[in-house]
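K.L.:
Before I ask anything, let me first share the structure, which is written out below as C-alpha cells.
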Amino acid sequence: MDFSNLLVIAVGSILINNFVLMRFLGLCPYIGVSKQLSSAIGMGMAVIFVMTLASFASWLIYYYLLEPSTSIWGVDLTFLRTVSFILVIASLVQFVEMFIQKLAPALYQALGIYLPLITTNCAVLGVAVLNIDEGYNLLEALVNGVAAGIGFTLALVLMAGIRERLDLANIPKPLQGVPIAFIMAGLMAIAFLGFSGLTVG
Amino acid sequence: MKLGHEFSKGLIEDNPVLRLALGLCPALAVSSSVFNAIGMGIAVIFVLTMSNLIVSVIRKGVPQKIRIPVYIVIIATFVTVVEMVMAAFRPDLFKALGIFVPLIVVNCIILGRAEGFASKHGVLASLLDAWGMGIGFTFALVLIATVREILGNGTWFGIPLTGPGFEPVLLMMLAPGAFITMGFLLALFNWRDEAKAKRLKDRVVKRAGFITRQPIRPEGGK
C-alpha cells in the first residue's frame, strides 16, 4: 500500500488547492457563517463529517450503479451522475440529522442548525464530482473527502478569527461586512498561493 | 407595470450576485475571462428559465413537505441536459468551466428563485423573473470578468486592448484577484445604494422643512 500518494492528496486538498481559497467552492457558508468563531467551528465539523460520508456514498453509487464497466448491471447510466449525487447528499444529510438527534443529542445541539445548510453547500457536491473526475479509488476518495473538509474548516476558522477582530476596526462604510470579508479572503488566498510551490514526496 | 418590474428587478436593484450575494462560487470561479463568463451565464439562464417554468406549472400539485427534493430533481435534470449539450457542441467551454457545470445544481440562485418566486407566482411572471435574474447574473459575471481580464491579461473577450507597454497583473487571473475584485465591486454597489438613500432622505428633510417653515435641527440642539 502506497501511503505517500494519500499524503499528496491530503496536503493537496488542505493547502495547495484549498477548496475555498483556490477552488472557490463553498463560498456561501464561508462568507455567511464566518462572523463568529464558535459557529465557524461548528459548521466546519459538520462539513468534515458530511463530506467524508458523501465521498464514500457517491463513490459506491458511481462505481456500482452507474459506470458500465464496473456496475452490477453493466448499463451506461453515467449521465445520471449529477442527479444521483445531489439526491444522495440531500438524503444523507437528512439521515445524519435524524441519527444524531436520536443518538447524540449533545452533538445535535452543536451541529444541528448547520446540517440543513450543507445540502446546498457546493463544496460537498464538488468533492464528490472531483473524486470521480480524478479517478480516485475508494480509499483515495475518502482521504480526499476528509482533507477537503479540513481545508474548508481551516479557511473558515481563520476567517472567523479575523472577522471578529475586524468588528473593532474602523472601516469605510461601503466596505463594511461582506465586501471587506472578500478582500480579506483575497489576502488569505495570496498567502495560500505560497503553498503552490510545495512538493510532497 | 408590474410584470415589467418582475423582469427588471433582477438586473441591478436585486442583482443576485452583487446585491443578494447568491451564486458566488461560479461568479468567482469562471470569471477569469469574459468568454467563460458569458458561457456560464447562458447555461444558468437556460436552467433557471426551465426550472422556474416547470416549478410554476406544477406548483399546485406538489406536496408542501417534499417540495425541495422535487425542485432539486427538476433542476438537476436540466443541468444534465446542459452538461450533455455543452460537452457535445462546445467541448472547449465545457473543459474551461470544469466541475462548475454540474455544480449549477447547487447554485443558490436557481433553488432560491424556484422556492421563493416560481412556487408562488404564475407562469408568465416566473419566466420574466428567471430572465431578469439570469441576465443579472450574467451581467455581474461579465462585470467581474471585464475587470479581471483587462487587468490580468490586457484583453477583453480575447481582443487585445492594452499596448505592449502594459505588464499584465497575473494576480488578477489567480484566485486572489477574483476575491479582491468581488470585494470592491460589492463595496461600489453599497456606496451607490447609500448615496441614493441619502439623496432620498435629503429630499424628505427639505420638504418637511418647507412645510413647517422651520429649519430641521439635530435632536437635542438648542
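The values are calculated or read from the model by the stated rules, or taken from the named source; none is laboratory data. As the structure is a computational prediction, the values presented were derived from the model and not from experiment. Using ideal geometry, Cβ is built from the backbone for each residue, glycine included, and neighbour counts are taken over all protein chains shown. Note: accessible area is taken over every heavy atom of the protein model, side chains too, but ligands, DNA and RNA are not part of it. Shrake-Rupley method; radii C 1.70, N 1.55, O 1.52, S 1.80 Å.
So that you can scan it fast, the table gives a plain yes or no per residue for (1) at pLDDT below 85; (2) touching a strand residue (DSSP E or B) at 6+ places or on another chain (Cβ under 6 Å); (3) more than 14 Å from chain A (Cβ to nearest Cβ); (4) in a helix (DSSP H, G or I):
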residue	(1), (2), (3), (4)
B:Trp131	no, no, yes, yes
B:Ile144	no, no, no, yes
B:Leu151	no, no, no, yes
B:Phe166	yes, no, yes, no
B:Leu185	no, no, no, yes
B:Arg192	no, no, no, yes
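K.L.:
Filter region A:122-152 for residues that are open to solvent by 10 Å² or more (accessible area, probe 1.4 Å) and within 26 Å of A:Ile190 (Cα to Cα); which is nearest to the other protein chains (Cβ to nearest Cβ)?
P.N.:
Selected residue: A:Cys122.
K.L.:
Sort out which residues of region A:16-42 are touching a Leu at 6+ places or on another chain (Cβ under 8 Å), at pLDDT 85 or above and away from chain B (no Cβ under 14 Å), and write them in order of number.
P.N.:
Of everything in region A:16-42, just one residue is touching a Leu at 6+ places or on another chain (Cβ under 8 Å), at pLDDT 85 or above and away from chain B (no Cβ under 14 Å), namely A:Ala40.
K.L.:
Sticking with this structure for a sec: Take A:Ala155 and tell me if it is within 19 Å of the chain's Cα centre (by Cα) and more than 8 Å from chain B (Cβ to nearest Cβ).
P.N.:
Against the criterion (within 19 Å of the chain's Cα centre (by Cα) and more than 8 Å from chain B (Cβ to nearest Cβ)), A:Ala155 qualifies.
K.L.:
Another one. Quick one: count up the residues across region B:167-198 that are open to solvent by 70 Å² or more (accessible area, probe 1.4 Å) and farther than 23 Å from B:Asn15 by Cα.
P.N.:
So the answer is 2.
K.L.:
Among the residues that make up region A:50-69, is at least one of them more than 30 Å from A:Ala185 (Cβ to Cβ), not acidic (Asp, Glu) and not in a helix (DSSP H, G or I)?
P.N.:
yes
K.L.:
Got a number for residues in region A:78-97 being out of contact with any Phe, Trp or Tyr (no Cβ under 7 Å at 6 or more places or on another chain) and open to solvent by 20 Å² or more (accessible area, probe 1.4 Å)?
P.N.:
13
K.L.:
Would you mind telling me which numbered condition in (1) touching a residue at least 60 places away in the same chain (Cβ under 8 Å); (2) in contact with a strand residue (DSSP E or B) (Cβ under 6 Å, 6 or more places away or on another chain) B:Ala118 fails?
P.N.:
(2)
K.L.:
So which of A:Ala160, A:Ala181 is within 13 Å of another protein chain (Cβ to nearest Cβ) and in contact (Cβ under 8 Å) with a residue 60 or more places away in the chain?
P.N.:
Testing whether each residue is within 13 Å of another protein chain (Cβ to nearest Cβ) and in contact (Cβ under 8 Å) with a residue 60 or more places away in the chain leaves just A:Ala181.
So that you can scan it fast, the table gives a plain yes or no per residue for (1) within 24 Å of B:Val44 (Cα to Cα); (2) among the polar types (S, T, N, Q):
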| position | (1), (2) |
| --- | --- |
| B:Ala114 | yes, no |
| B:Ser119 | yes, yes |
| B:Ala130 | yes, no |
| B:Phe139 | yes, no |
| B:Val147 | yes, no |
| B:Thr155 | no, yes |
| B:Gly158 | yes, no |
| B:Thr162 | no, yes |
| B:Gly177 | yes, no |
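K.L.:
Determine whether B:Leu111 is at the interface with chain A (Cβ under 10 Å from one of its Cβ atoms), touching a Cys at 6+ places or on another chain (Cβ under 9 Å) and either hydroxyl-bearing (Ser, Thr, Tyr) or in a helix (DSSP H, G or I) (or both).
P.N.:
Spelling it out, it is not the case that B:Leu111 is at the interface with chain A (Cβ under 10 Å from one of its Cβ atoms), touching a Cys at 6+ places or on another chain (Cβ under 9 Å) and either hydroxyl-bearing (Ser, Thr, Tyr) or in a helix (DSSP H, G or I) (or both).
K.L.:
Which ones in region A:1-38 are within 12 Å of A:Phe192 (Cα to Cα) and open to solvent by 60 Å² or more (accessible area, probe 1.4 Å)?
P.N.:
Scanning region A:1-38 gives A:Asn17, A:Arg23.
K.L.:
Then there's this: Looking only at region A:1-35, count every residue that is in a loop (DSSP other than H, G, I, E, B) and farther than 28 Å from A:Phe95 by Cβ and tell me the total.
P.N.:
Selection size over region A:1-35: 8.
K.L.:
I've got another one for you. Name the one entry in B:Lys65, B:Lys95, B:Lys120 that is out of contact with any Gly (no Cβ under 8 Å at 6 or more places or on another chain), outside any helix (DSSP H, G or I), surrounded by fewer than 16 Cβ atoms within 10 Å (Cβ to Cβ) and more than 9 Å from chain A (Cβ to nearest Cβ).
P.N.:
Exactly one residue qualifies, and that residue is B:Lys120.
K.L.:
Tally time: how many residues in region B:1-57 are at pLDDT 85 or above, open to solvent by 10 Å² or more (accessible area, probe 1.4 Å) and within 14 Å of chain A (Cβ to nearest Cβ)?
P.N.:
4
K.L.:
Right, A:Ile41: among the β-branched types (Val, Ile, Thr) and either closer than 26 Å to A:Leu107 by Cα or open to solvent by 40 Å² or more (accessible area, probe 1.4 Å) (or both) or not?
P.N.:
Yes.
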